[in-house]
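Structure first, commentary second.
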Amino acid sequence: MSVVRLGKRVEEPVSGGAMDKVVARRGLSSRTKMAIGGAVLLALAPTAYFAAPARNSQTVTAERLTISTVDRGTFEDFLPLRGRVTPSLTVYLDAVEGGRVERILVEDGAIVQQGQLLAVLSNSDLQLNVLARQTEVTQQINSMRSQELALSQTRLANERALIDAQLTAQTARRQYEMQAPLAERGFVPGRVIADSRDTYQAAQRRAEVLRRQQATDERLQSQQLAQLRSSASALNDSLGLARASLDALNLRAPVSGQLTSFSIQVGQSLQRGERLGQIDSAGRNKLVAQVDEFYLGRVAEGQTAVAEQGGRRYRLRVQKIYPQVQNGSFTVDLAFVDAEPRELQRGQTLQLRLTLGDPSPALLLPNGAFYNETGGNWVFVVSPDGSSAVRRNVRLGRRNANHVEVLEGLDPGERVITSPYTGFAERDRLDLTR
């Protein structure tokens with residue numbers, strides 16, 4: 001039998017049902033196929049991740065980027081700084097009293113000793129006021145001395161009166177005691193013995209009254225004398241201050257060191273409190289450095305640093321931290337531990353390496369400008385074939401001038417864009433072209 005389709009004659013195949021055998025088809029099991037498919041998907045996952053289209057992408061030329069590789073190594077926890085040489089101790093010279101410059105005894109830049117006379121000022125009004133004050137104080141002291149003398153004389157008079165009263169009482173007692181036995185025998189009239197007894201008792205009471213009066217006067221006079229002496233001491237101190245104000249017209253060096261910024265001239269009129277110059281500690285210097293505010297919580301007093309000068313290394317220690325942040329940085333003072341370089345000049349700068357911690361093994365990413373824009377929270381990771389880069393959240397730790405410590409989000413061998421992200425920081429994906 002034949003079947004005609006579309007105008008053509010097609011012969012039906014002859015059935016060989018009596019001679020054919022059913023052969024079972026051999027192949028992989030379903031479980032094996034699923035396992036192979038999963039392995040293929042895992043192998044293609046990184047490529048698919050980087051090749052997946054992103055809605056927020058941008059094309060960037062790879063030549064303008066810096067691409068660095070994540071690697072394992074030793075993290076040296078140090079901070080490079082630039083320190084400025086400053087005297088360890090600076091004492092400012094101010095005019096304690098205003099006046100006219102009469103003499104200048106030293107020149108700017110000279111090495112002076114403590115107490116050395118630097119200049120002499122004159123102030124006629126101050127001199128007259130001090131003399132008047134001195135006269136007034138002297139008069140008050142003399143007046144108090146006169147009062148003290150009068151109190152002393154009163155004390156002596158009270159003592160003499162008490163002695164006389166006690167003597168009178170003793171005399172009256174002896175007379176009464178002599179007459180009492182005679183009066184019992186009738187040799188002394190009763191009126192006489194009564195008068196003797198009354199005289200003795202009156203003298204005794206008078207002595208007792210004088211004794212109490214002397215005790216009261218003594219207490220009051222002691223208090224008054226103490227007040228007078230305290231007032232005299234205060235007046236003497238006031239007089240000393242008045243004399244010191246006169247002596248302040250003689251400008252002296254408060255400490256030993258090098259005199260700088262001392263530019264006054266003879267005949268110049270100075271106001272009270274006017275800055276005249278300063279004295280810097282000779283041969284003792286420190287370094288003042290500005291540190292990025294990122295390290296405010298990691299810099300501590302006592303940490304060590306190393307500076308190189310003239311081919312030699314000098315150790316320093318963080319002496320003081322000024323936590324006030326200005327323009328994104330704070331200030332630290334570093335003092336030399338041992339001897340300091342002899343050729344140091346004020347205002348000179350030195351390179352420092354401030355040690356923040358001990359070296360330790362870590363996963364490292366070369367440091368770059370990307371950190372300033374991401375804060376170490378994310379980076380652009382380059383695909384294995386270098387055709388694209390995808391934004392990835394990471395966690396970065398410590399930094400030094402060369403490397404950043406990787407804590408999470410990156411594996412050894414991965415490549416990261418470490419140049420600035422200016423122009424594409426808001427993108428999720430970058431298409432890299434040659």
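The values are calculated or read from the model by the stated rules, or taken from the named source; none is laboratory data. Note that the structure is a prediction, hence the values are computed from the model and not measured. FYI the Cβ positions are ideal-geometry reconstructions off the backbone, even for glycines, and counts take in every protein chain you see. To get the accessible areas, we keep the full protein, side chains included, count just its heavy atoms, and leave off ligands, DNA and RNA. Shrake-Rupley method; radii C 1.70, N 1.55, O 1.52, S 1.80 Å.
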Quiz prompt | Sole residue being in contact with a strand residue (DSSP E or B) (Cβ under 7 Å, 6 or more places away or on another chain), modelled with pLDDT under 90, at negative phi and open to solvent by less than 80 Å² (accessible area, probe 1.4 Å), chosen from Asn285, Asn236 | solution = Asn285
Quiz item: If you take the residues of the stretch 290-322 that are under 13 Å from the mean Cα position of the chain (by Cα) and open to solvent by 80 Å² or more (accessible area, probe 1.4 Å), which of them is nearest to Gly357 (Cα to Cα)?
Solution: Glu301
Practice problem: Take the residues in the stretch 83-112 that are out of contact with any Gly (no Cβ under 9 Å at 6 or more places or on another chain) and closer than 12 Å to Arg252 by Cα, then tell me which one is surrounded by the fewest Cβ atoms within 10 Å (Cβ to Cβ). | Solution: Leu105
Self-check item: Members of the stretch 294-312 that are modelled with pLDDT under 90 and of a type in the set (D, E, K, R)
Solution: Arg298, Glu308, Arg312
Quiz prompt | Near pairs, Cβ below 8 angstrom, 6+ apart or cross-chain, from the stretch 380-398 (aromatic (Phe, Trp, Tyr)) to any residue that is in a loop (DSSP other than H, G, I, E, B) and open to solvent by less than 60 Å² (accessible area, probe 1.4 Å) | solution = Phe380/Tyr421
Quiz prompt | All positions within the stretch 267-282 that are open to solvent by 20 Å² or more (accessible area, probe 1.4 Å), not in a strand (DSSP E or B) and not basic (Lys, Arg) | solution = Gly267, Gln268, Gln271, Gly273, Glu274, Ala282
Quiz item: Does the stretch 390-434 hold any residues that are surrounded by 13 or more Cβ atoms within 10 Å (Cβ to Cβ) and among the basic types (Lys, Arg), and which are they?
Solution: Arg391, Arg392, Arg395, Arg398, Arg399, Arg415, Arg427, Arg429
Quiz item: Across the stretch 242-266, what is the number of residues that are farther than 24 Å from Arg284 by Cβ, open to solvent by 50 Å² or more (accessible area, probe 1.4 Å) and touching a Lys or Arg at 6+ places or on another chain (Cβ under 9 Å)?
Solution: 1
Self-check item: The lone exception for Ser387 - which of (1) crowded, with 17+ Cβ neighbours inside 10 Å; (2) farther than 30 Å from Gln319 by Cβ it fails
Solution: (1)
Practice problem: Scan the stretch 217-233 for residues that are open to solvent by less than 80 Å² (accessible area, probe 1.4 Å) and either closer than 12 Å to Arg155 by Cβ or not in a helix (DSSP H, G or I) (or both) and jot them down. | Solution: Asp217, Glu218, Gln221, Ser222, Gln224, Leu225
Exercise. Can you tell me which residue among Gly368, Gly302, Gly347 is under 28 Å from Asp71 (Cα atoms), part of a loop (DSSP other than H, G, I, E, B) and not hydroxyl-bearing (Ser, Thr, Tyr)?
Key: Gly368
Practice problem: Evaluate the following for Gln201: is it under 60 Å from the mean Cα position of the chain (by Cα) and open to solvent by 60 Å² or more (accessible area, probe 1.4 Å)? | Solution: no
Practice problem: Among the residues of the stretch 398-419, write down those that are of a type outside the set (D, E, K, R) and either part of a strand (DSSP E or B) or touching an Asp or Glu at 6+ places or on another chain (Cβ under 7 Å) (or both). | Solution: Asn400, His403, Val404, Val406, Leu407, Pro412, Val416, Ile417
Practice problem: Return the total of residues in the stretch 180-198 being part of a helix (DSSP H, G or I) and β-branched (Val, Ile, Thr). | Solution: 2
Quiz item: Does Pro359 count as farther than 30 Å from Arg315 by Cα and either open to solvent by less than 60 Å² (accessible area, probe 1.4 Å) or modelled with pLDDT under 95 (or both)?
Solution: no
Quiz item: Out of Arg160, Arg173, which single residue is more than 20 Å from Ala242 (Cα to Cα), of a type in the set (Lys, Arg) and free of Cβ contacts under 8 Å to residues at least 24 places away in the same chain?
Solution: Arg160
Quiz prompt | Out of Asn327, Asn285, sole residue that is among the polar types (S, T, N, Q) and touching a residue at least 40 places away in the same chain (Cβ under 8 Å) | solution = Asn285
